[in-house]
Amino acid sequence: MIKVYGKENCPRCVELKLMLEEKGMNFEYLQDMKQLRIAASKARVMMAPVVEYKGEFLGMEDFLKEVE
């Protein structure tokens, strides 16, 4: 399962959700600042969204490279 950690008023989060929906990929969207901070720290990124995929935490760009 893909987990997307996002936040309110985040255009990049909306963009990623739409991409995943268009590709028919199952995902869970979590909008919790505490969880987002933890995931971002693990991914070593400073902006939302952060994706948990195959046991790794990735920034949006790295995740998109993985699923292309």
Next item on the list: State which residue is nearest to the chain's Cα centre (by Cα) when the search covers only region 5-29 and only residues that are assigned to a loop (DSSP other than H, G, I, E, B) and of a type in the set (D, E, K, R).
Entry: LYS7
Next item on the list: Would you mind stating whether MET60 is among the hydrophobic types (A, V, I, L, M, F, W, C) and surrounded by 18 or more Cβ atoms within 10 Å (Cβ to Cβ)?
Entry: yes
Check: Just checking, which of MET46, MET1, MET19, MET25 is modelled with pLDDT under 95 and touching a helix residue (DSSP H, G or I) at 6+ places or on another chain (Cβ under 8 Å)?
Finding: MET46
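The values are calculated or read from the model by the stated rules, or taken from the named source; none is laboratory data. What you see is a predicted model, and the numbers here were worked out from it, not measured in a lab. A quick note on method: Cβ atoms are made from the backbone with ideal geometry, for glycine too, and the neighbour counts reach across all protein chains shown.
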